[in-house]
């Protein structure tokens, strides 16, 4: 039996789906999702232009691109590189005995914390006290404490997850060791 005989019906290279995949490079569902995303973006742009907000959006978009690509990306790449250099190198032992990589348990809560800081920095750093109070009638003083509390919880949950991963890994290693000793 050749490769052609084992393919499900309608999936061979001569089928319409096979032809479409060779022609387009992905499944038809990918094209459908892409068209839906473009339609949604077009609808948003139409409403934005209709509301007369296009100039502010263009400026915001340009600043976001420049701010991310020229400022933030190099900064968080440097921070990640520094973190990986500060942490011990991954073990060269076999994968089943090596511990989980600690860098991911620092990256994830750090990324969420920095994202929250990026979104709420005027309130967290107290840069918009007057405008915020005038618009909402509230003080912005709790934002720094709340951000610090959320950051602490994120890192605590991450540390607990790392501890559980280490414990599971050690438990599996002990069971495997007992199993090997039992049969040797």
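The values are calculated or read from the model by the stated rules, or taken from the named source; none is laboratory data. Only a predicted model underlies this, so the values are computations on that prediction, with no experimental measurement involved. Cβ placement follows ideal geometry from the backbone for every residue including glycine, while neighbour counts extend to all protein chains displayed.
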Legend entry - segment 57-89, residues that are loosely packed, with under 11 Cβ neighbours inside 10 Å and over 23 Å from the mean Cα position of the chain (by Cα): 59, 88, 89
Inset, instruction - Determine which member of the set 113, 128, 158 is surrounded by 14 or more Cβ atoms within 10 Å (Cβ to Cβ), within 30 Å of residue 68 (Cα to Cα) and modelled with pLDDT under 90. - result: 128
Inset, instruction - May I ask you to list pairs of residues, at least six apart or on different chains, whose Cβ atoms are under 9 Å apart, with the first in segment 66-88 being over 13 Å from residue 106 (Cα atoms) and the second being modelled with pLDDT of 85 or more and outside any helix (DSSP H, G or I)? - result: none
Inset, instruction - From (1) at pLDDT 85 or above; (2) surrounded by 10 or more Cβ atoms within 10 Å (Cβ to Cβ), pick out the condition that doesn't hold for residue 99. - result: (1)
Legend entry - Selection count where residues are assigned to a helix (DSSP H, G or I), without any contact (Cβ under 8 Å) to a residue 40 or more places away in the chain and more than 14 Å from residue 116 (Cα to Cα), scope segment 126-164: 13
Legend entry - Among residues of segment 48-71, those that are closer than 24 Å to residue 114 by Cα and touching a helix residue (DSSP H, G or I) at 6+ places or on another chain (Cβ under 8 Å), counted: 1
